[in-house]
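Below is one structure, written out as structure tokens, with a few remarks after it.
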Amino acid sequence: MKKASSMCKVIIDSNIWISFLIGKSLRGLVQYVRNEQIKIVTCEQQLQELTVSFQKPKLQKYFQASQIETFLAFLKGTSQIVPITKIEPLCRDPKDDYLLALSIASEAHYLVTGDKDLLEMQSINKTIIIKYVDFERAIDESPETSSKQPNA
């Protein structure tokens, strides 16, 4: 795994963040950030998408407003927010194009997603497109991050 500024730059797709907040065994994400194993990369488009998603009735039953506020503050406070000025049609699903533009603009190492359209691409430029379970394995097994393992 390549590293920039001693940390792996990672884009987490909104579907993974939502799963994380619902409580699906993604606990390692916060630990990876706290242990400086990864640097989350995001953009205004994703922050807006998350804000809109959290307002949908089917998701509101899972979260209290305070949880959403805490999460968004965490994301904004710990992430590198990269401006996206050009979004090209690169994916079968145009709603995912901003994540690919973010991957290119940020030179992220990983784009972590559960989206089939993105996963089928496997990579874009230097960014590996990967499922969360495979990402977790890559981070945990990486020699660059082995001295920063998350506390169990």
Over all pairs of different Cα atoms in segment 8-145, the reciprocal of the mean inverse distance gives a Kirkwood radius in Å of 15.3 Å
Given unit charges at Cβ for Lys, Arg (+) and Asp, Glu (-), the dipole magnitude of the chain about its Cα centre in debye, nearest 20, is 340 debye
Simple SL model, points at 7 angstrom along Cα→Cβ for LYS61 and ASP93; separation in nm is 2.2 nm
For segment 81-120 the trypsin sites (Lys or Arg not before Pro) that pass both the DSSP coil test and the at-most-10 other-Cβ-within-10 Å test are LYS86
Taking 0.36 nm per residue of separation between SER53 and LYS126 and subtracting their Cα-Cα distance, the length gained on full extension comes to 23.4 nm
Residue span GLU36 to GLU141: 0.36 nm per residue of separation minus Cα-Cα distance leaves a gain in nm of 36.3 nm
Subtracting the Cα-Cα distance of GLU69 and VAL133 from 0.36 nm times their residue separation yields 20.4 nm
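Quick note: the coordinates plus some simple rules give every number you see, no bench work behind them. Computed from a prediction, not measured in an experiment: that's the story for all the values here. Positions of Cβ are backbone-derived with ideal geometry, glycine not excepted, and every protein chain shown enters the neighbour counts.
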